[in-house]
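Below is one structure, written out as structure tokens; comments come after it.
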Amino acid sequence: MKMTIRKMIWKILKIIIYLVLMIIAAFRFGLIVGKNKDKTINKYKKYYVLAMSWMDLAENGFVLDKYFERNGFKHIAVYGGRDMGRHLIKQLKGTEIMVDYMIDRTIYLDQFETIPVYQPDDKLPVVDAVIVTPIWDYSKIREEVSRQLSCPIISLEDVVMGGLNA
């Protein structure tokens with residue numbers, strides 16, 4: 001009988017310890033998410049404003065290739081293979097602007113058909129300009145890419161705003 005009570009007490013203690021550890025883990029997770037929540041919200045707000053501005057341009061017949069032509073950029077690289085990078089590449093397809101390659105930390109195998117994808121620390125071929133699509137991290141990316149290339153490194157946000165102000 002004493003053995004059974006001890007086993008029950010031990011099981012209850014294990015459950016309590018497990019619950020306390022789960023509560024601590026949840027609390028720590030909450031702190032991490034709380035710290036990054038504002039940063040994440042701001043990041044997506046910037047993307048929303050960019051997308052709406054880009055759409056305003058498109059609805060008024062302005063295609064981003066005009067920005068590149070006006071600035072003498074015929075051969076460009078696109079930094080960032082997510083949504084904004086894919087949209088930029090699609091919009092420039094069939095124009096005079098050549099996307100020579102993409103730069104991304106992740107290699108997307110079949111995603112960009114014939115466009116080569118380089119990682120940031122690869123030897124990057126010379127282009128007229130690099131367009132950075134992860135706009136929230138532009139300063140860091142510009143610094144990183146400028147170690148290899150001496151061409152202009154431009155935020156997609158600046159390209160779109162340049163179109164709005166044209």
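The values are calculated or read from the model by the stated rules, or taken from the named source; none is laboratory data. Given the structure is predicted, the values throughout are model-derived calculations rather than measurements. Virtual Cβ from ideal backbone geometry, glycine too; neighbours counted across all protein chains shown. For accessibility, only protein heavy atoms count, side chains too; no ligands or nucleic acids. Shrake-Rupley method; radii C 1.70, N 1.55, O 1.52, S 1.80 Å.
Screening the candidates 11, 45 for the property of being open to solvent by 80 Å² or more (accessible area, probe 1.4 Å), charged (D, E, K, R), at pLDDT below 90 and more than 23 Å from the chain's Cα centre (by Cα) yields one hit, 11.
In the stretch 28-51, is there at least one residue being in contact (Cβ under 8 Å) with a residue 40 or more places away in the chain, out of contact with any Cys (no Cβ under 6 Å at 6 or more places or on another chain) and among the hydrophobic types (A, V, I, L, M, F, W, C)? The answer is yes, given that some residue of the stretch 28-51 is in contact (Cβ under 8 Å) with a residue 40 or more places away in the chain, out of contact with any Cys (no Cβ under 6 Å at 6 or more places or on another chain) and among the hydrophobic types (A, V, I, L, M, F, W, C). Looking across the stretch 126-143, the residues that are of a type in the set (Asp, Glu) and closer than 23 Å to residue 42 by Cα come down to 137, 143. Here residue 161 passes the criteria (1) modelled with pLDDT under 95; (2) closer than 16 Å to residue 105 by Cβ except the one numbered (2).
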